[in-house]
Each structure stands twice: as structure tokens, then as C-alpha cells.
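Novice: Take a look at this one; I'll ask things after.
The values are calculated or read from the model by the stated rules, or taken from the named source; none is laboratory data. Note that the structure is a prediction, hence the values are computed from the model and not measured. Positions of Cβ are backbone-derived with ideal geometry, glycine not excepted, and every protein chain shown enters the neighbour counts.
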Amino acid sequence: MDLDFLFWKLEFHGSFLAAVAHTLSNRLTTVSIASSSYNLANLNPWGSHPLIDPRFSSSDLHIRHEDAALSRLAKTQLVAQWDVALKHLRVCNEKSSYLEGNYNCGKCEKCLRTMVAFMALGVLEQVPTFKEKNVSKDLLLKAAYIGDSYEEACYRELLAPLAQIHRYDLVYAIKKIINRYHEQDFKGLVKRVDRTFFGGNLVNRKKKIAASR
């Protein structure tokens, strides 16, 4: 686990961006920090937050947390209308996969989720920082995962536009990924209930029964 990156995303990046803004407070009066991940419908603890970022304001500089109401697909659509952003787009966090001149591996969950969104919007061909211009069902099923309700919402909103362009293979893959997430979530709930109320005896009993067969 990369503890530095974990600290960055969960605790630090909102205050860091605000600190950069304050170095320019003799020239600027208002700075917006773009909503980077969770929207208002799916808020979770994060290093940049609509209730915290404005607290980094001062008498000289007002800091805003911008567009928290927009879903990830809506944000992607805004980026898709901006040629400069498309030419320099970087979403990948897989540092070990970085290549000179290209920082998107095109294979990790975040890259694939972004590529599928651009496919749904019909603009993936226009994004030079993604070398691959297609995502297969098998690749999506292999690499994509859902960790919380926000990521589920990100995938769910892709279903309708993908169906409109007849990418039913990806619709099938996303539905399977969502089902996989809920199955894992239910199994986790059962384990938590077992630990809390039964001291883990239910799981241990199941293991003993399986071993005796």
C-alpha cells in the first residue's frame, strides 16, 4: 500500500491546492477547487470536500469547491468539450506503468472507467493520451471493480448511453461488475454481523462442516 498516496487522497490534496492558491493571493481574490471525486449524492471522507475546502479561505482569498452536484459522466462531458484538456488528460494513478510522454496505462480500473465514459460520449478517438481506442468486455470484467456507492453510481450512469450506441457487451460487463460488488458487500455484512454478535462462530462452523465432507 502506498501510504503517501493514501494520505494525499484522503487527507491532504484539498489543503495543498488551497496553499498553492494562497501564494497567488496578491493577484487573485477567488479560486475554485474542482470537485475531484465524490459528488453530493455520494459524499465520503476525502482530501477535498465541499464542507472543508471553503474553510481554507482568508480575508484576502475566497476558496470555492466547484461543481460538487455534477456526476462523473457530467464532468467527463465538460472535459470532452475542451480540446486542450483532451490533449493533456491524465487520470491514471499507476505510477509503475507511466511511460515518457504518456501517463495513462489504459489498463487500470480508473483508466478503463474513463475510457468507457469517453466511448459512451463518442469522443474516445479524440483523446490522444489514451493509446487504445476500444475497451473489451473481458478487459473490463478483469480490471474493473467497485469499492463504494459512488463508484457504483459512476458505472450505472454509463449503462444508458452505452446501450444507445449498441455496446451491449459493455452493458453486460458493467451489470456483472455491479452484481459482483453487491455480492461482496453482502458477504462482508454477514462477516461483520458474525464477528459482532456470534464471535465468528458461524464462519468457523461453516469451515468445520466443509472440512468434514
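Novice: Does residue 99 meet the test of being among the hydrophobic types (A, V, I, L, M, F, W, C) and surrounded by fewer than 18 Cβ atoms within 10 Å (Cβ to Cβ)?
Specialist: Judged against the criteria, residue 99 is a match.
Novice: Ok, one more. Could you tell me whether residue 120 is in contact with a Pro (Cβ under 6 Å, 6 or more places away or on another chain) and touching a residue at least 40 places away in the same chain (Cβ under 8 Å)?
Specialist: Yes.
Novice: If you don't mind, there's one more thing I want to ask. Out of (1) surrounded by 11 or more Cβ atoms within 10 Å (Cβ to Cβ); (2) over 22 Å from residue 134 (Cβ atoms); (3) small (Gly, Ala, Ser), the odd one out for residue 106 is which?
Specialist: (2)
Novice: Mind checking which residues of the stretch 126-175 are in a helix (DSSP H, G or I) and of a type in the set (Asp, Glu)?
Specialist: 138, 151, 152, 157, 169
Novice: Say whether the condition of being at pLDDT below 95, in a helix (DSSP H, G or I) and under 27 Å from residue 89 (Cβ atoms) is met by at least one residue in the stretch 182-204.
Specialist: No; the residues of the stretch 182-204 include none that is at pLDDT below 95, in a helix (DSSP H, G or I) and under 27 Å from residue 89 (Cβ atoms).
Novice: I'd like the residue in the stretch 41-55 that is at pLDDT below 90 and out of contact with any Phe, Trp or Tyr (no Cβ under 6 Å at 6 or more places or on another chain) and, out of all such residues, is surrounded by the most Cβ atoms within 10 Å (Cβ to Cβ).
Specialist: Checked the stretch 41-55; the qualifying residue surrounded by the most Cβ atoms within 10 Å (Cβ to Cβ) is 43.
Novice: Where in the stretch 1-120 are there helices (runs of 4 or more DSSP H), lying wholly inside it, with at least 2 residues that are more than 17 Å from the chain's Cα centre (by Cα) and farther than 24 Å from residue 147 by Cα?
Specialist: It comes to 13-22, 83-87.
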